[in-house]
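One structure is given here, and the rest of the page talks about it.
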Amino acid sequence: MLRILKAIRWISGGSFLLETRRPEEVFTPEDFSEQHLLIGQTAEEFAVNEIVPNIEKIEHKDFSITRDLLKKAGELGLSSVEIPEAYGGLEMDKVTAAVTLSISSPP
């Protein structure tokens, strides 16, 4: 297992498309942990219930809405995923950060 983890560290970007890889070397959505899925669900609910209804106000630069949304995101832990616990963050892995950002940002 350790050899696989070392190999995974050196796989960059989309190299799995051009090079021969074993299935266990490629991370796919099926590899998400329960924690990844839960924070993804939280981010999605926040985006749908809080951000989308306020898109027009955000586009018209209503900064009071933006501030409120940032505070709510912070209370949910969505803005501190990668910040170390010593500084009040959640100190989660890069996959969790990617899940959070990809779900809560526009396509």
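So here's what we get for this one:
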{"item": "Count of residues meeting criterion [within 26 Å of Phe27 (Cα to Cα) and assigned to a loop (DSSP other than H, G, I, E, B)] in region 58-107", "result": "16"}
{"item": "Pair list, Cβ < 8 Å and 6+ apart or interchain, from region 87-107 residues that are among the aliphatic types (A, V, I, L, M) to residues that are modelled with pLDDT under 85", "result": "Val95/Phe27"}
{"item": "The listed residue being out of contact with any strand residue (DSSP E or B) (no Cβ under 8 Å at 6 or more places or on another chain), at pLDDT 90 or above and hydrophobic (A, V, I, L, M, F, W, C), out of Leu18, Leu2, Leu76", "result": "Leu76"}
{"item": "Residue in region 53-88 that is surrounded by the most Cβ atoms within 10 Å (Cβ to Cβ), counting only those that are small (Gly, Ala, Ser) and within 20 Å of Ala43 (Cβ to Cβ)", "result": "Ala73"}
{"item": "Residue list for region 21-42, filter: surrounded by 10 or more Cβ atoms within 10 Å (Cβ to Cβ), in a helix (DSSP H, G or I) and at pLDDT 80 or above", "result": "Asp31, Gln35, His36, Leu37, Leu38, Ile39, Gly40, Gln41, Thr42"}
{"item": "Pairs where the first residue, in region 69-83, is hydrophobic (A, V, I, L, M, F, W, C) and the second is part of a loop (DSSP other than H, G, I, E, B), C-beta under 6 Å, 6+ apart", "result": "Ala73/Ser79; Val81/Leu90; Val81/Met92; Ile83/Gly89"}
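The values are calculated or read from the model by the stated rules, or taken from the named source; none is laboratory data. Note that the structure is predicted; figures quoted are calculated from it, not measured. Ideal geometry is used to build each Cβ from the backbone, glycine not excepted, and the neighbour counts take in all protein chains shown.
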